[in-house]
């Protein structure tokens, strides 16, 4: 006599096997249909929150996002994006856009985003970014908003640029500083350290030969940190291609991750020599255009958000920021997630964004 | 509900995840060695050198074919960039003028007032 539930064979529930087979066959059919759809269509439209261009100068773009709240906080926000990547990671699609979140919460948001530097911009130096582009954007934000104070948010290397700016212009007008996954002790970025080992990596020869560092080189150095992950993510995509939400999310993040920017040659030379080799930001010896940039000079309130599983900026590289900065109102939050999921996607919506809002709202009046 | 530990699809997905982690860890260990840095940078340096020589050769070739050289194209790009820059300056000025006239005109919706206060402590997100 057959028991009510089919007997297990080596731990498998035999009764569920026909159901699983049927489900897998359906998914296989869906995969074929959706696979064709995937190839023949483009991904979702990204970075579509309405905005106005305030200023464009070579690689520098300053946007102002149109406020959507009836009442906004007094202090505007300037987001400084990393120079290796596009700013639309913070403005993916409605419902998953950090910018949209800030606008709905009543903030006035500006973004300093970067275009690919052109060959003739290969001579842009660190001082062009820190002493020219950022101050120029701050002035534009002040003029446009009519406010003197500005909150600066820097993501990854945008955080480094914001720190350098804040160290040199310690008297203001930066009122608050928020850094996302910002490295200051470059010894902590062990693989990047090894890739740029001064005994074998001739940065002068590279920059003198090719000018701007091509995006393919930047992308492959990121991908080398987790060499199996691209192949594994493609396997995951194929398994989940029947799932529209998964595919949408995959396409958004994949497009952003591969949309890497070249780096201006002289700027790359300075990053390699001053930061990767001599670790000057950590050792308080950094100068930009002859001006000392010591983060102990920064006294404004600071929030530093770091990710528990960040493979690009490991915690050892980011940790000393809060110890070394001169502010008394300072906080570090360690959140679950990686370098990108800290700031975008479902993890960020649950963790970082509400935390940032609760920290910033009382400092924005 | 099926036990995940006995589900072949879940087992397969788990295996892929473990393989990815294992390979990444192994590769990271290998890439952390000075030998790896030496080899990669030797290859990279040679490639950059070859690229430079090739571009010089191409420049001569284009000249002999009476085609614009890279430096001439870069010169044109610079001029275009300068024109773009001037157009953007005009756009930014127009934007500022529009903002100024909008605030002066009562018919145009002004920007929201900067009077927002933080929510009371009890209403703050946890």
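Just so you know, all these numbers are worked out from the coordinates, no wet-lab data involved. Keep in mind it's a predicted model, so treat the numbers as computed, not measured. Quick reminder, even Gly has a Cβ in these numbers, built from the backbone with ideal geometry, and neighbours come from all protein chains shown.
Annotations
- The Cα atoms of region B:7-67 give a gyration tensor whose axes a ≥ b ≥ c have a/c of 1.5 or more with a/b no greater than b/c, which makes the shape oblate.
- Span from the region A:78-138 Cα centroid across to the region A:286-348 one, whole angstrom: 17 Å
- Inter-label distance, residue B:9 to residue B:88: 4.9 nm, where each label sits 7 Å from its Cα along the C-beta direction.
- Grouping the Cα pair distances of region A:103-257 into 10 Å bins from zero gives a pair-distance distribution of 8, 26, 31, 25, 10, 0 percent in increasing distance order.
- Exposure proxy ranking for A:339, A:309, A:64, based on other Cβ atoms within 10 angstrom of each Cβ and starting from the fewest, stands as A:309, A:339, A:64.
- Sum of -39500 (n - 2.57) over DSSP H runs of 4+, divided by residues of the protein assembly as shown (222 nm, nearest 500): -14500 deg cm²/dmol
- The gain in end-to-end length when the residue A:333 to residue A:123 segment is fully stretched comes to 71.9 nm, 0.36 nm per residue minus the alpha carbon separation.
- Pairs of Cα atoms nearer than 8 Å and 6+ residues apart set the relative contact order; for chain A it is 20 percent.
- Estimated distance in nm for a label pair at residue B:69 and residue A:273, the labels positioned 7 Å out from Cα along Cα-to-Cβ: 2.8 nm
- Cα pair count fraction exceeding 12 Å, expressed as % - region A:154-199: 66 percent
- Exposure proxy ranking for A:49, A:285, A:83, based on other Cβ atoms within 10 angstrom of each Cβ and starting from the fewest, stands as A:285, A:49, A:83.
- Shielding of peptide A:213-225 by partners, expressed as the average count of other chain Cβ atoms within 10 Å per residue Cβ, is 1.
- Taking the C-alpha atoms only, the angle from helix A:244-258 to the longest principal axis of chain A is near 40 degrees.
- With Cα atoms, 0 to 90° folded angle of helix A:229-239 axis to chain A main axis: 40 degrees
- Taking 0.36 nm per residue of separation and subtracting the Cα-Cα distance, full extension of the segment from residue A:224 to residue A:21 would add 69.3 nm.
- Cβ crowding within 10 Å ranks A:286, A:174 as A:174, A:286, fewest other Cβ atoms first.
- Each listed q (0.08 Å⁻¹) maps to a log10 I(q)/I(0) for the protein assembly as shown, found by the Debye formula over equal Cα scatterers with no solvent: -0.59.
- In nm, spacing of pseudo-spin labels at residue B:23 and residue A:115 (7 Å Cα→C-beta vector): 3.9 nm
- Overall dimensions of region A:281-322 by Cα: Rg and Dmax, Å: 12.5, 36
- For the pair residue B:96 and residue A:234, a Förster radius of 60 Å applied to the C-beta separation gives a FRET efficiency near 0.80, rounded to the nearest 0.05.
- Region A:268-342: C-alpha gyration tensor shape, a/c 1.5 cut-off, then a/b vs b/c: oblate
- Once the Cα atoms are used to define both axes, helix A:17-40 deviates from the longest principal axis of chain A by about 40 degrees.
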